2 protein chains.
Amino acid sequence: MIADLSAADLDSLLARARADYDAFRAKGLKLDMTRGKPAPEQLDLAEGMLALPGNRDHLSEAGEDARNYGGLQGLAETRALFARTLGASPDRIVVGDNSSLALMHDSLVYALLKGVPGSAKPWGREPDVAFLCPTPGYDRHFAICEEYGVRMIPVPLTGDGPDMDKVEELVRDPAVKGMWNVPKYANPSGDVYSDETIRRLARMTTAAPDFRLFWDNAYVLHHLTDDGREILNVLDACAEAGHPDRAFVFASTSKMTLAGAGLAFFASSPANVAWLLASASKRTIGPDKLNQLRHVRFLKDHDGLVAHMAKHKALLAPKFAAVDEALEARLAGTGAARWTKPEGGYFISVDVVEGTASRVVQLAKDAGLLLTGAGATWPKGKDPRDQNLRLAPSFPSLSDVKAASEGIAICILLAAAEAESAKRKDAAA
Amino acid sequence: MIADLSAADLDSLLARARADYDAFRAKGLKLDMTRGKPAPEQLDLAEGMLALPGNRDHLSEAGEDARNYGGLQGLAETRALFARTLGASPDRIVVGDNSSLALMHDSLVYALLKGVPGSAKPWGREPDVAFLCPTPGYDRHFAICEEYGVRMIPVPLTGDGPDMDKVEELVRDPAVKGMWNVPKYANPSGDVYSDETIRRLARMTTAAPDFRLFWDNAYVLHHLTDDGREILNVLDACAEAGHPDRAFVFASTSKMTLAGAGLAFFASSPANVAWLLASASKRTIGPDKLNQLRHVRFLKDHDGLVAHMAKHKALLAPKFAAVDEALEARLAGTGAARWTKPEGGYFISVDVVEGTASRVVQLAKDAGLLLTGAGATWPKGKDPRDQNLRLAPSFPSLSDVKAASEGIAICILLAAAEAESAKRKDAAA
């Protein structure tokens, strides 16, 4: 542990860390670990879609012309294909266009302007609207709240999901209308919500009668191990607990098929589905049904989807292992960082020495290595402890991931040694 | 003219009209003239797109991977392809997904929740927000206003666009924040805005500093004659008049390529484009760029687009001629109806005898012929004179259009004769 080093050993560590950093910077690399984007090799897995559905193949099973207007809820066969993944029957699924973020955004916008089933008035007419934000979390969730003035209340994650004692206490405030959740392989912590967490979320008494769980199951099939995790079906849990309308479930094929040309999904209770469709019908005549047909032709069925996801795992798992190895090699036993070993998803979350996350990002940047900005995983981009980093190893090549991870470890160690050194100088002064 | 008929002649007309109607109903037809949907033959024109862009063709000219996330404004080559159509340089264009209605909806939503450039506060915080609605107009425009409580003020159309004296008077009210416009081949009136109309719209003094023309150029290339009409470039006109941010221009390829799988466009001033992108960036990581590439590969350039539109005209013009012939054959000289002879677009607007539009729709329905509901072309679906009908001849086959049009003429004449007969009875009583 750096904190236990003698003054001489700390000086020598600092000198070594600086030398390592200078050597890394001298390589003049250009590396980017900022965003959870699929690599070209992952997109290649779906290359066959680029010529689908193919000429004369434009009719749905029900005989609808997928080229024309209409079909607001989505083709029946598309909803059927994803029903098991979403944990909802096809009639409780709405297929959107290429962005589940857009469905989440629109759901919040409709809630602000119109309210949801059970609302006494539009959320936007309330004096105060707040969302619980398990943290560290997904920056784009937080950005939607910030955009529309929704107050964000951070809640710590435990590894099994949010601290439920805190959550149960906070939802006694009627201003708390919603809560963000990435219940499986959370971005970036890798949390997998336990059955008990989900049951408590479903069961808890909320002061707002129209409270909603925004359940972004973005990584539902995105396993990194052979035995992928299953979580409790939140829609069933809510229904059993007498709160059938509590959860809005979201998912997409952005990280299954094509990141920019996938399908997004909303799954919920009949009342919530009717509500979404009523609002969406004012916005559009219908989604791109040819892209829905393209997905059905390519993936065929649930087994096809699972088989396709195994190919992603084969490409991604070595990159996650490479990050872990590089961090382990340089940081094990130093106390300079703790990091997750996620069983799925797209991120590794690193907690560095308090107060050094920004310094790590700056050191990395100066050495040609782009990391997600420090604080990005916190509401409004402000990490009160300046401690959390989000690593996104999916996009760079494996060799770049290895190089970048070594660089990250070097930056973390240098920042930690600097901080310890500064702390002792302060104490001595 | 029915109004001039002797009592005996009116009785005999009524008897003949009833007999014609009974004969029409006896045919047991199933016809639908409700929506402006392209026919399957029109969609077939773009069938080649169903296998595009094709394997390994996923890079933009700039080398972006169109399969991946990003590219919020749209591919440069897609914006370039539609620049002439939109009357804006590529940097002033945003490409959306498959629905220009969605772009209009979202623009209004962002205005309500955030305001537009020049707004003192979000429109939703104003005590009253109103839109001018040239009438008869597009029901889906009006439905968006109704959904969000925007007051709608009907303005009559003249054939050259809205009554500008009225418009200039109405915009002196600061509550008037916007105005719907379908400036070419308007839905359903066929109005083509004159240069003078557009100049006055660009020039007029509005009490609201953040007033916006919602300029839905839905039929910009949708000519029904050999010499298609050109209208003044509204963005240029607004800039010249010192109101560079006044117009939001919308268009789509829904009625060019594939109705459910086209591209939508927003074109405006740099400030408005930056505003839309800032809001859209909270909603999505980017549009479906593969579909943008698909359009570029298929249409190639502006000339390719124009050539494609000529094929639509060849399919559509005979249907419009068939409606006109059928109405002319039975209604000429009766005074029972006036109807448009549009030079483009998707609709024929029919003004029947005041108070009989609902009756015509009901008679048609009882005979197996679905028409757009009476009143649909008015805000909140309420036509104060119960007079306007919107005919949509694009979707049915030419023979169905002929049959339907004859039926419509029969229903119009019967309703007119009934009304005249009832009027005389009332007068005699």
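The values are calculated or read from the model by the stated rules, or taken from the named source; none is laboratory data. From a predicted model like this one, the values you see are computed outputs, not experimental measurements. Cβ sites come from the backbone with ideal geometry, for glycine too, and all protein chains shown count toward neighbours. Areas reflect the complete protein model, heavy atoms only, side chains present, ligands, DNA and RNA absent. Shrake-Rupley method; radii C 1.70, N 1.55, O 1.52, S 1.80 Å.
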* **Yes/no for B:Leu113 being in a helix (DSSP H, G or I), open to solvent by 20 Å² or more (accessible area, probe 1.4 Å) and more than 9 Å from chain A (Cβ to nearest Cβ)** => no
* Asked: Of the residues B:Glu47, B:Glu77, B:Glu61, which single one is in contact (Cβ under 8 Å) with a residue 60 or more places away in the chain, on the phi < 0 side of the Ramachandran plot and out of contact with any Gly (no Cβ under 9 Å at 6 or more places or on another chain)?
  -> B:Glu77
* **Among residues of the range B:153-185, those that are open to solvent by less than 30 Å² (accessible area, probe 1.4 Å) and either at pLDDT below 95 or outside any helix (DSSP H, G or I) (or both), counted** => 16
* Structure fact -> Given (1) part of a helix (DSSP H, G or I); (2) open to solvent by 10 Å² or more (accessible area, probe 1.4 Å), B:Leu414 misses just (2)
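Quick check on the range A:60-72. Is at least one of its residues among the basic types (Lys, Arg) and open to solvent by 50 Å² or more (accessible area, probe 1.4 Å)? Break it down stepwise before answering.
The initial filter retains those residues of the range A:60-72 that are among the basic types (Lys, Arg), namely A:67.
With open to solvent by 50 Å² or more (accessible area, probe 1.4 Å) added as a condition, the list becomes none.
Checked the range A:60-72: no residue is among the basic types (Lys, Arg) and open to solvent by 50 Å² or more (accessible area, probe 1.4 Å).
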* **Verdict on B:Glu61 being more than 30 Å from B:Ser394 (Cα to Cα) and in a loop (DSSP other than H, G, I, E, B)** => yes
* Evaluation of B:Gly71 against (1) facing another protein chain (nearest Cβ under 9 Å); (2) in contact with a His (Cβ under 9 Å, 6 or more places away or on another chain) (one fails), failing number -> (2)
* To do: Among the candidates A:Ser269, A:Ser189, A:Ser254, single out the residue that is within 14 Å of chain B (Cβ to nearest Cβ), buried (at least 19 other Cβ atoms within 10 Å of the Cβ) and of a type in the set (S, T, N, Q).
  => A:Ser254
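Could you list, in sequence order, the residues of the range A:87-101 that are part of a helix (DSSP H, G or I) and crowded, with 23+ Cβ neighbours inside 10 Å?
From the range A:87-101, those part of a helix (DSSP H, G or I) are A:90-92, A:100-101; that's our starting set.
If the condition is that a residue be part of a helix (DSSP H, G or I) and crowded, with 23+ Cβ neighbours inside 10 Å, then A:Ser100, A:Leu101 are the ones that fit.
Within the range B:94-102, is there a residue that is charged (D, E, K, R) and more than 13 Å from chain A (Cβ to nearest Cβ)? Walk me through how you get there before you give the answer.
Residues of the range B:94-102 charged (D, E, K, R): B:97.
With the extra rule that they be more than 13 Å from chain A (Cβ to nearest Cβ), the set shrinks to none.
For the range B:94-102, residues charged (D, E, K, R) and more than 13 Å from chain A (Cβ to nearest Cβ): absent.
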* Structure fact -> A:Gly137: passes all of (1) of a type outside the set (Phe, Trp, Tyr); (2) under 27 Å from A:Pro270 (Cα atoms); (3) open to solvent by less than 30 Å² (accessible area, probe 1.4 Å); (4) in a loop (DSSP other than H, G, I, E, B) but (2)
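Report yes if some residue within the range A:408-416 is in the same structural domain as A:Ala332 (by TED's automatic domain parsing), closer than 15 Å to A:Thr135 by Cβ and modelled with pLDDT of 95 or more; otherwise report no. Explain how you work it out, then say what you get.
Just the residues of the range A:408-416 that are in the same structural domain as A:Ala332 (by TED's automatic domain parsing), to begin with: A:408-416.
Next, from what is left, pick out any that are closer than 15 Å to A:Thr135 by Cβ: none.
There is no residue in the range A:408-416 that is in the same structural domain as A:Ala332 (by TED's automatic domain parsing), closer than 15 Å to A:Thr135 by Cβ and modelled with pLDDT of 95 or more.
Return yes or no: is B:Leu29 part of a loop (DSSP other than H, G, I, E, B) and more than 30 Å from A:Asp288 (Cα to Cα)? Steps first, answer last, please.
Working: part of a loop (DSSP other than H, G, I, E, B): yes; more than 30 Å from A:Asp288 (Cα to Cα): yes.
Here the answer is yes, as B:Leu29 does meet what is asked.
Taking the range B:277-288, which residues are outside any loop (DSSP other than H, G, I, E, B) and either among the hydroxyl-bearing types (Ser, Thr, Tyr) or over 26 Å from the mean Cα position of the chain (by Cα) (or both)?
Step one: of the range B:277-288, the residues outside any loop (DSSP other than H, G, I, E, B) are B:277-283.
Residues satisfying the conditions are B:Ala278, B:Ser279, B:Ser281, B:Lys282, B:Arg283.
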* Structure fact -> Pairs returned, first residue in the range A:189-200 that is basic (Lys, Arg), second residue that is buried (at least 24 other Cβ atoms within 10 Å of the Cβ) and in a loop (DSSP other than H, G, I, E, B), beta-carbon separation under 6 angstrom, 6 or more apart or interchain, are none
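Quick one: which residue in A:Gly149, A:Gly159 is touching an Asp or Glu at 6+ places or on another chain (Cβ under 7 Å), assigned by TED's automatic domain parsing to the domain that holds A:Phe248 and either more than 20 Å from A:Ser100 (Cβ to Cβ) or among the polar types (S, T, N, Q) (or both)? Break it down stepwise before answering.
Details: A:Gly149 fails: touching an Asp or Glu at 6+ places or on another chain (Cβ under 7 Å).
After ruling out the rest, the residue left standing is A:Gly159.
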* **Residue that is in a helix (DSSP H, G or I) and open to solvent by 50 Å² or more (accessible area, probe 1.4 Å), where the choices are A:Ala404, A:Ala419, A:Ala427, A:Ala409** => A:Ala427
* If you check B:Gly54 against the conditions, is it modelled with pLDDT of 95 or more and more than 30 Å from B:Ile348 (Cα to Cα)? -> no
* Test for A:Asp106: is it of a type outside the set (Ser, Thr, Tyr), within 9 Å of another protein chain (Cβ to nearest Cβ) and in a loop (DSSP other than H, G, I, E, B) -> no
* Just for the range A:289-300: of the residues that are assigned to a helix (DSSP H, G or I) and open to solvent by 20 Å² or more (accessible area, probe 1.4 Å), which one is nearest to the other protein chains (Cβ to nearest Cβ)? -> A:Arg297
* From (1) under 27 Å from A:Phe131 (Cα atoms); (2) open to solvent by 30 Å² or more (accessible area, probe 1.4 Å), pick out the condition that doesn't hold for A:Thr372. => (2)
* **Complete set of residues in the range A:126-158 that are within 14 Å of chain B (Cβ to nearest Cβ) and among the aromatic types (Phe, Trp, Tyr)** => A:Tyr138, A:Phe142, A:Tyr148
* In the range B:195-253, how many are touching a strand residue (DSSP E or B) at 6+ places or on another chain (Cβ under 6 Å), in a loop (DSSP other than H, G, I, E, B) and aliphatic (A, V, I, L, M)? -> 3
* Asked: Does A:Gly48 qualify as being open to solvent by less than 80 Å² (accessible area, probe 1.4 Å) and under 32 Å from the mean Cα position of the chain (by Cα)?
  -> yes
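Restricting attention to the range B:301-315, does a residue exist that is assigned to a loop (DSSP other than H, G, I, E, B), closer than 30 Å to A:Ala51 by Cα, more than 14 Å from chain A (Cβ to nearest Cβ) and touching a residue at least 40 places away in the same chain (Cβ under 8 Å)?
Narrowing the range B:301-315 to residues assigned to a loop (DSSP other than H, G, I, E, B): B:301.
Within this subset, residues satisfying the condition of being closer than 30 Å to A:Ala51 by Cα are B:301.
Now drop any that are not more than 14 Å from chain A (Cβ to nearest Cβ), which leaves B:301.
Filter once more, keeping what is touching a residue at least 40 places away in the same chain (Cβ under 8 Å): B:301.
The answer is yes; a qualifying residue exists.
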